[in-house]
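Colleague: Handing you this structure, nothing more for now.
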Amino acid sequence: MSYIDTNQTVAAFAATLPGAAEVFRRHGISFCCGGEQSLQEAAEKAGLRLETLRDELQALVDGACRDAPEETALLISHILDRYHETHRAELAWLIPLALKVERVHGQHPEAPVGLAAALEELQHDLEQHMRKQQQVLFPMMQGSDGATVHDRGPMPLQECETEALDIRGIEHVTQGLNLPEGACNSWRSLYLGVRKLIDDLVMHLYLENTKLFPRFERPAGLQP
């Protein structure tokens, strides 16, 4: 069991723990503009007992990754099929839809102006991340036969912080993915799709960082 660090920022939880964003939304806690506050500060401002918020997040930690395969090769295949291909397919239709919503509703005070650009930035960063994994990192892992990856070359650092910043940018321009009253079906479909994309991406990164990569530890002092 992992234990929740109550000094960690709300933004860090939202970007790295699957389901945390929805917990914060439910309690009215901003993880975009107010993302730099600690969990303890957020609970106090929301009028919540810290223990209540901590326990809800701990339940997410305890339940994460239960459906992911355990064997390394199967886990890598799961990440490729369930996340890499899904991210690419969803961004391919979300970006044009975001452009349409911005074009049609650009004068609305709550219009997600800048969302298409934010999604394009995520697409660019994520494609670099995934291509490096597919061409370099995952083949090294699959060919290591139980040895650490550094036996066959240094393990590349991951771009998780970059994707976390991309997620925060998307949350910012959409005001936390909150739909205005009377939003059209295109706007609703856009936010529904973006929310799924973000949820998938957080789970994708969580699987890599907590389940897959720790099996291939870099020895102390080894630089990429």
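Colleague: Can you tell me the orientation of helix 50-63 relative to the chain, as the angle in degrees between its alpha-carbon axis and the longest Cα principal axis, to the nearest 10?
Modeller: 50 degrees
Colleague: How far, in nm, would the chain grow between Thr210 and Lys100 when pulled straight, counting 0.36 nm per residue and subtracting the alpha carbon separation?
Modeller: Separation in residues times 0.36 nm, less the Cα-Cα distance, equals 35.9 nm.
Colleague: What percent of all Cα-Cα pairs in segment 43-140 falls into each 5 Å bin, going from 0 up to the bin containing the maximum distance?
Modeller: 2, 10, 13, 12, 11, 13, 16, 15, 6, 2, 0
Colleague: Tell me the volume per residue, in Å³, of the convex hull enclosing the alpha carbons of segment 1-94.
Modeller: In segment 1-94, the Cα convex hull volume per residue is 114 Å³.
Colleague: Could you compute the net charge surrounding His78? Neighbours are other residues with a C-beta less than 12 Å from the C-beta of His78; K and R count +1, D and E count -1.
Modeller: -4
Colleague: Summarise the accessible area of the chain (1.4 Å probe, protein heavy atoms) by the percent that is carbon and sulfur.
Modeller: 52 percent
Colleague: Moving on to the next point. Over the chain, average the accessible area per residue using a 1.4 Å probe and give it in Å², no decimals.
Modeller: 50 Å²
The values are calculated or read from the model by the stated rules, or taken from the named source; none is laboratory data. Keep in mind it's a predicted model, so treat the numbers as computed, not measured. All Cβ positions, even for glycine, are placed from backbone atoms using ideal geometry, and neighbour counts span all protein chains on display. Surface accessibility is based on the protein's heavy atoms, side chains included, excluding ligands, DNA and RNA. Shrake-Rupley method; radii C 1.70, N 1.55, O 1.52, S 1.80 Å.
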